[in-house]
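Just below is one structure, and these are the notes that go with it.
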Amino acid sequence: MKNDLVERDLKCLWHPYTQTKDCELSPPIPITAAEGVKLYDRDGKFYYDTISSWWCNVHGHGHPAIKAAIKKQTDTLGHVLFAGFTHEGAVELAERLVSITTPGLKRVFYSDNGSTAVETALKMSVQYWQNVGKSKKNSFLVLDMGYHGDTAGAMSVGGEGLFNEKFRALCFETFKTPTPYCYRCPVGRKKGSCALECLIPAEDILKAHVGSIAAVVAEPVLMGAAGMIVYPPEFLKGLRELSLKYGVHMIADEVATGFGRTGKMFACEHAGITPDFMCLSKGITSGWLPLGATLTTEDIFQAFYGDHGEMKTFYHGHTFTANPVACAAAIASIDLFKKEDTLTSVGKIEAVLAPFLEEMSALSIVGDVRGIGTVAAIELVKNKDTKERFSPGDRVGMEIYRMGLERNLLLRPLGDVVYLFLPLCIKREELDDVLERVTCVLRDADKKAAEKKVGHL
């Protein structure tokens, strides 16, 4: 009976980002409950949710305040179309988002998830330029390792890599500028001793193609799927200054970085900038329900104002736009930041992660360590001196995943980057326990690599 659910799963389900044969070798684990930072399987074994269930869990699983808000909302209104109708939760949440994001963002457009929040911003930017008589501005300047989602438009403004290489035929062309990947600097400088020369290609592209570029798209300060790349806030500030200089929009994808993850409520605050569009999802409901939001300025909103005959309407929407239950969860989540002083807790977590990363950097298979807020990343390499990567056939990430499960850890490396994306509510004793277990996993991996004397696990 215990394997019945797994057998049923393997007969009818298709899991995301998973090599199908791996499901047979490492069957999915049935989770029956979750509380705080722990997941529980049906045998009662717990796993630390070290990646916040794909980066969305902020306040921990099962938080009573969010649960109560959801239950209360279901007593009155479950869903209503959002074209021509409104409701209290949608208005209140929009007011909250405007009040806590960077100054200048005044309008909120709801969608369903991170990809759709980004798609909304792309389409708004393109149509804005059409509405003001500059219809040739319909392309985008993007970072060559960026990731913004899996819908066609979101893939188009991402970098070329594993996530989208098989779907390039579905994507439109963009202008790509080097990612500020300090460990593997695209212009050959050393980490911490450069003059942001990696901004030069971006300005060269803008200068040459300003008439056709609608917006610059970037994940602020922390690039998630690229390998938890943490880059200098000065680069983001410089990118914003270039967008203003050349008259193009800036779209800040805060889907993963928003809601306290980096130590600020939103990562743009590290650079002191306000983008033209800010895309939100994931942590907005602390993982309880799907919800996306795209914030923009009053100036951009007014460019869509006009009679129907003027064709300025933004013809875009989603069935579950502004779902009342999701809005209730989001409002409760935002309230918790003040009630529980969450951002102060993030600072304390970051202070503990820093020495842990320093300790891990001494291992022979660790090429780089980086972190911000509750995020810590450890890049594993085949050769520490040359920064040579492991080959895909080494399956380092899968081996780390399995080793983590043995030590009650949900670790899901990005390629060869082992990372923590911790819930903001993790207690000190839990954090210490997690770091001790991760240390054991990485030391075991380091030992195996040394024993094989060929640099793979």
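Out of Leu122, Leu162, one residue alone is in a helix (DSSP H, G or I) and not hydroxyl-bearing (Ser, Thr, Tyr). It is Leu122. The listed residues are Leu422, Leu431, Leu409, and the only one of them that is surrounded by 20 or more Cβ atoms within 10 Å (Cβ to Cβ), out of contact with any strand residue (DSSP E or B) (no Cβ under 9 Å at 6 or more places or on another chain), at pLDDT 95 or above and of a type outside the set (Lys, Arg) turns out to be Leu431. For segment 133-173, the set of residues classified as β-branched (Val, Ile, Thr) and either over 23 Å from Ile205 (Cα atoms) or modelled with pLDDT under 95 (or both) consists of Thr151 only. Here's a check for you: in segment 371-403, which residue that is of a type in the set (S, T, N, Q) and under 26 Å from the mean Cα position of the chain (by Cα) is farthest from Cys182 (Cα to Cα)? Per the criteria, the residue is Ser391.
Name every residue in segment 165-199 that is in contact (Cβ under 8 Å) with a residue 12 or more places away in the chain, farther than 17 Å from Ile229 by Cβ and out of contact with any His (no Cβ under 8 Å at 6 or more places or on another chain), in order of residue number. Of everything in segment 165-199, those that are in contact (Cβ under 8 Å) with a residue 12 or more places away in the chain, farther than 17 Å from Ile229 by Cβ and out of contact with any His (no Cβ under 8 Å at 6 or more places or on another chain) turn out to be Phe167, Leu170, Cys171, Phe172, Glu173, Thr174.
Every residue, every condition in (1) assigned by TED's automatic domain parsing to the domain that holds Lys71; (2) of a type in the set (A, V, I, L, M); (3) in contact with an Asp or Glu (Cβ under 7 Å, 6 or more places away or on another chain), yes or no:
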| site | (1), (2), (3) |
| --- | --- |
| Thr319 | yes, no, no |
| Ala354 | no, yes, no |
| Ser361 | no, no, no |
| Ser364 | no, no, yes |
| Gly367 | no, no, yes |
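Conditions (1) loosely packed, with under 15 Cβ neighbours inside 10 Å; (2) in a loop (DSSP other than H, G, I, E, B); (3) in the same structural domain as Gly78 (by TED's automatic domain parsing), marked per residue:
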{"site": "Phe301", "(1), (2), (3)": "no, no, yes"}
{"site": "Thr313", "(1), (2), (3)": "yes, yes, yes"}
{"site": "Glu358", "(1), (2), (3)": "yes, no, no"}
{"site": "Arg370", "(1), (2), (3)": "no, no, no"}
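If you go through segment 441-457 and keep only what is exposed (fewer than 15 other Cβ atoms within 10 Å of the Cβ), under 23 Å from Leu25 (Cβ atoms) and either touching a residue at least 12 places away in the same chain (Cβ under 8 Å) or of a type in the set (A, V, I, L, M) (or both), you end up with just Val454. Within segment 399-414, residues that are under 16 Å from Ala376 (Cα atoms) have Cβ atoms under 6 Å from residues that are of a type in the set (Asp, Glu) and crowded, with 19+ Cβ neighbours inside 10 Å in these pairs: Leu410/Asp49, counting only partners at least 6 apart in sequence or on another chain.
Yes/no matrix, rows are residues, columns are (1) more than 29 Å from Gly371 (Cα to Cα); (2) buried (at least 21 other Cβ atoms within 10 Å of the Cβ):
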{"site": "Phe46", "(1), (2)": "no, no"}
{"site": "Ser52", "(1), (2)": "no, yes"}
{"site": "Ile70", "(1), (2)": "yes, no"}
{"site": "Leu77", "(1), (2)": "yes, no"}
{"site": "Leu81", "(1), (2)": "yes, no"}
{"site": "Phe85", "(1), (2)": "yes, no"}
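The values are calculated or read from the model by the stated rules, or taken from the named source; none is laboratory data. Quick caveat: nothing in here was measured; it's all calculated off a predicted structure. Counting neighbours? That spans all protein chains shown, and the Cβs are built from the backbone with ideal geometry, glycine included.
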